[in-house]
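A short worksheet on the structure shown next.
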Amino acid sequence: MAGGAAGDTDDAITGINVTPLVDITLVLLIIFMVTTKIVLNQTVPLDLPKAATGTSDVQVVFSIVLAADGRTMVDSNQIPNDDAILALARDAQTAHPDLRAVIKADASVTHGRVIHVLDLLKQAHVSKIAFGVSPVAGAPAPAISGAPPSAAPPTTAPAH
């Protein structure tokens, strides 16, 4: 036969050559390592000025979650009831005077319960309080300049 020996048999290849697979895997690993390094280092280097009154403290957030089933969580830890918020908020306010509280309440939580939690935070002297919301799909972005976009221009009454 052309190109073959007379004693060759047509046996199937029983072994898998893993060398190309390992080569490709190592090349992909190197590519991912290099691109990750590039992505992580895309920050603007700044030499911030020094000030005697400046601080590098990150503001502490006191997160309160009021679930529809009655559970209350403070900083991802479940607490027995809403009244336990007062002691936790006092401790956090003492440790961090610039404390900011964020109340995230389910839509089905009663208004009275949210006001009760708000009152507890006020009793703990937490002055910075915000409410967590989910954005509405398709809602217009809030106006950045003075008047809202729906406000009509002022009109003047005709002189008589």
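Looking at region 89-101, which of its residues are outside any loop (DSSP other than H, G, I, E, B), surrounded by fewer than 18 Cβ atoms within 10 Å (Cβ to Cβ) and without any contact (Cβ under 8 Å) to a residue 40 or more places away in the chain?
Residues satisfying the conditions are Arg90, Asp91, Thr94, Ala95.
Checking the conditions here, which among Ile64, Ile38, Ile30 is out of contact with any strand residue (DSSP E or B) (no Cβ under 9 Å at 6 or more places or on another chain) and at pLDDT 90 or above?
Ile30
Condition check ((1) within 23 Å of the chain's Cα centre (by Cα); (2) surrounded by 12 or more Cβ atoms within 10 Å (Cβ to Cβ)) across all residues:
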site: Val65; (1), (2): yes, yes
site: Pro80; (1), (2): no, no
site: Ala87; (1), (2): no, yes
site: Ile129; (1), (2): yes, yes
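Write out, first by first residue and then by second, each pair whose Cβ atoms fall under 9 Å of each other, whose residues are 6+ apart or on separate chains, and whose first residue, in region 102-128, is acidic (Asp, Glu) while the second is assigned to a loop (DSSP other than H, G, I, E, B).
Here the result reads Asp106/Ala67; Asp106/Ala68; Asp106/Asp69, each pair linking region 102-128 to a residue that is assigned to a loop (DSSP other than H, G, I, E, B).
The values are calculated or read from the model by the stated rules, or taken from the named source; none is laboratory data. Source: prediction; values computed, not measured. Cβ atoms come from the backbone with ideal geometry, glycine included; neighbour counts cover every protein chain shown.
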